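Below you'll find the structure, written out as structure tokens, and then a few comments.
The values are calculated or read from the model by the stated rules, or taken from the named source; none is laboratory data. In this text, all values refer to a predicted model and were calculated from it rather than measured experimentally. For neighbour counting, all protein chains shown are included, and Cβ atoms are generated from backbone atoms with ideal geometry for every residue, glycine included.
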Amino acid sequence: ASEAAAASFAGHPTLEQRAAALRGCEGGGELACGFLAPSAFDAAVAAAPPHAHCRVVVLTAILGGSDRLMRPLAPIPRAQRGCFFAFVDAAARRGHEQAAGGEAWTLLPLRGALPFGANARRNSRIPKLLPHRLFPSAHFAMWLDGKLQLRISPDEAVRRCLRRPL
């Protein structure tokens with residue numbers, strides 16, 4: 001394989017290159033991408049407030065009303081306000097619209113049919129495993145289980161996990 005092809009395989013594609021690669025998933029293409037079919041998750045992100053400024057997005061999903069949103073302990077830096085997203089279904093939304101963690105989190109209500117029906121456990125895997133699809137302009141995505149509380153800023157967490165600075 002050529003050096004350019006090897007570099008683009010796992011390199012840093014532009015947003016246009018990433019979108020072009022996913023176009024085959026819209027149907028009729030050679031690429032079999034059933035798991036990438038548009039869903040309630042895509043609609044929730046499309047309806048969200050602007051988030052293109054988010055270098056690091058923090059994601060969680062509260063489905064079936066099983067968990068409670070926890071407010072991050074560290075103060076949220078101004079640049080990261082609006083970068084905490086919680087996917088919630090109808091059962092979870094009722095209990096979280098006025099919840100204590102609500103001011104930190106942007107609730108993304110899931111409306112319509114979910115890919116795995118009523119199986120909250122399987123549906124919660126979509127934003128966990130496909131954040132690059134839902135938030136393509138983010139450089140980093142951090143998944144936080146609904147029952148956990150973030151004790152440091154997202155930038156600090158990324159710095160601690162990576163060997164090179166941001």
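Data for the structure
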item: Scope the stretch 107-166; condition of a type in the set (A, V, I, L, M), in contact (Cβ under 8 Å) with a residue 60 or more places away in the chain and assigned to a loop (DSSP other than H, G, I, E, B); matching residues; result: L110, A113, L114, L130, A138, L144, L148, L150, I152, L166
item: Residues located in the stretch 62-77, provided they are within 20 Å of A40 (Cα to Cα), in a loop (DSSP other than H, G, I, E, B) and among the aliphatic types (A, V, I, L, M); result: L63
item: Some residue of the stretch 78-88 being surrounded by 12 or more Cβ atoms within 10 Å (Cβ to Cβ), assigned to a helix (DSSP H, G or I), charged (D, E, K, R) and modelled with pLDDT under 85; result: no
